[in-house]
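Down below is the structure, laid out as C-alpha cells.
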Amino acid sequence: MNGANVGPAKHTVGAGESISSHDRVRVARLPMHFFTVAVAFFGLAVASAPWVVGDLVEFFYQPLLLALTHAMTLGWITSAIMGVMYRYVPALTKRPLRFPRLALLQLGLFVVGVMGMIVHFAIGRWVATWLAAGVVVLSVVLFAVNMLPCLALARGRGVAETGMLLALLYLLVAAVLGLLLALDKTFGFLHGNVLSNLAAHAHLAALGWVSLMICAVSYRMVPAFLLPEVELPRAAMWQLYSLALAVGGLGIALLGGIGGAGVWSVAIMLALLAYVVVLGSLVRNRRMPIDWTMRHALAGVVCLVLSAGLGLMLVRIDPGTALGSGVAGAYGVLGLLGWVTNFIIGMSYKLFPGFIAGMREVVGWPKLAIAELSLPRYRPLVFFSLNGGVLALAIGLITAQVVFARLGAIIVGVGGLVYVAVMTWTLRYAYRPSAPRAASDPLRILPGGSSRG
C-alpha cells in the first residue's frame, strides 16, 4: 500500500466513534510537525544562550533574556508537549480528535505567535509583543478545543489523563496572564509588584503547565520503559492534585500580594519530592536496564531537587539584589534545562522514532524499525554536555562569574546542537518515503515480522 492509495474508509476509534483514513493520516503526521518546530526552537535557544549570559549574570529581567526564555518555554518545551499530547491523548482516552484540521491552523498560529514574541521581546516593541502574545493565546485555546473533550469526557480517567487535564487548564491560565502582562506594558492597568506578577506567570507556566505535565506523562512512560515489578501507587494521583493545588495557591499569593508564598513554595517542594519518591520506587523495582532515556530522566530529577532548593531560597532572598538575581537565574536554568529538557530529550529517543514508524505505516510508506530511525552513538555526548554545562552555568550565575557561566552555556550549546542534528536526521523520515541506507538489508527484522524494505 502507498500513500496515494489511502481512501476515505472509516476506522473505529472507540466508544462507537469513527474517523476517516484521511484524518488518520493527518493525525498521525501532526506530532511530527510539532516535534520539528520544537527541535528548531531548541537549536535557536542553545545557539543564542552564550551571547546573552552576560545579561543574565547582570539581571534576569531584560529583553534578550525574555526572548530566549520564551524560545525555550514556548518554542521548545510547549511545542514538544503538544506533539506528545496530540498522539497520546486520543489513544489514552479512546476518543478521536474532534477537529483534526483545526490542529494544523493551531500549529500555524502557534509558530507565528511565538516567533513574533521572540523577535519583539528582543527589540523591545511591546505593542507588537502583546499582539503576538494574543495569537499564541488563540492557538492555546484552539489546542484546548481539541484536547478538553478527550480529557474531560474520558471515562475512568487515569493518573496520566488527570495530570494532563490539570496541566492544560494551567496552560490556559498562564497564557492569558502572559498576555495581560504584555498589555500592562502599554496600558499600565495591573496592580502589584512587577516582579511578583512575573513570578506568578513563570510559576503557573513552569510548574502548573510543564512540571505537572511531566509528572503525569512520566507516570505513564516510566513504567512502560522499565517494566517495574510494582504497580504505580495511588499516591501518584494525590501527588498530582497536591502539586496543582500548591501551584494555584502560590500564583494567587504572588498576584494578590496576600502573603503565604513561602508556605505554598514549601508545599510545592513537598509535592515534587513525593514525585521523586514515587519515581524512585519504580526505578528500584525495575526489570529493564537503565538506558540513555532513563539516565536523562534521573539526571532531570536531580536538577529538579536542586532547582526546588533554590526556589525556597528565593522566598527569603530579594530577586532584585545581585545574589537574588543570580539565584533566580540558576533556578530557571536548573528547571528549564536541567529538569525539563533532560526529560524531553530522554523521552524523545524512544517517542520520536516510534511515532515516525507508526506514521509511516499509516501513510503506507516502507516500514522502518525504531532502531533504524535512531543514532544512539551520540547520546553520551549529548548527556554529559547538557548536564555538565547546566551545572557550570548555574554555578557561574550564583557566583556572578560571567566567564564560567558562558563556558557552561557553550558546553550546553555543543550538546544541544548535536542533539538537534541527530533529531533532524530522525525527523526527516517523517517527510520522505525513502529509508536509511541500513534499511536495505533484506534480513532486517521489522515489527510484526515483516521484512519489507
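When region 191-200 is limited to residues that are modelled with pLDDT under 85 and within 22 Å of His120 (Cβ to Cβ), the one that is surrounded by the fewest Cβ atoms within 10 Å (Cβ to Cβ) turns out to be Val194. Here Asn387, Asn342 are screened, and the one residue that is within 18 Å of Thr36 (Cα to Cα) and in contact (Cβ under 8 Å) with a residue 40 or more places away in the chain is Asn342.
Can you spot a residue in region 136-156 that is outside any helix (DSSP H, G or I), touching a helix residue (DSSP H, G or I) at 6+ places or on another chain (Cβ under 7 Å) and under 30 Å from Ala236 (Cα atoms)? Checked region 136-156: at least one residue is outside any helix (DSSP H, G or I), touching a helix residue (DSSP H, G or I) at 6+ places or on another chain (Cβ under 7 Å) and under 30 Å from Ala236 (Cα atoms). Within region 119-140, residues that are over 15 Å from Val176 (Cβ atoms) have Cβ atoms under 8 Å from residues that are among the hydroxyl-bearing types (Ser, Thr, Tyr) and surrounded by fewer than 17 Cβ atoms within 10 Å (Cβ to Cβ) in these pairs: Trp126/Thr186; Val127/Thr186, counting only partners at least 6 apart in sequence or on another chain.
Filter region 376-416 down to the residues that are more than 20 Å from Ala47 (Cβ to Cβ) and over 22 Å from the mean Cα position of the chain (by Cα), then identify the one that is surrounded by the fewest Cβ atoms within 10 Å (Cβ to Cβ). Checking each candidate, the answer is Arg377.
The values are calculated or read from the model by the stated rules, or taken from the named source; none is laboratory data. Values in this document were obtained by computation on a predicted structure and should not be read as measured data. Heads up, the Cβs are rebuilt from the backbone with ideal geometry, glycines too, and the neighbour counts pull from every protein chain shown.
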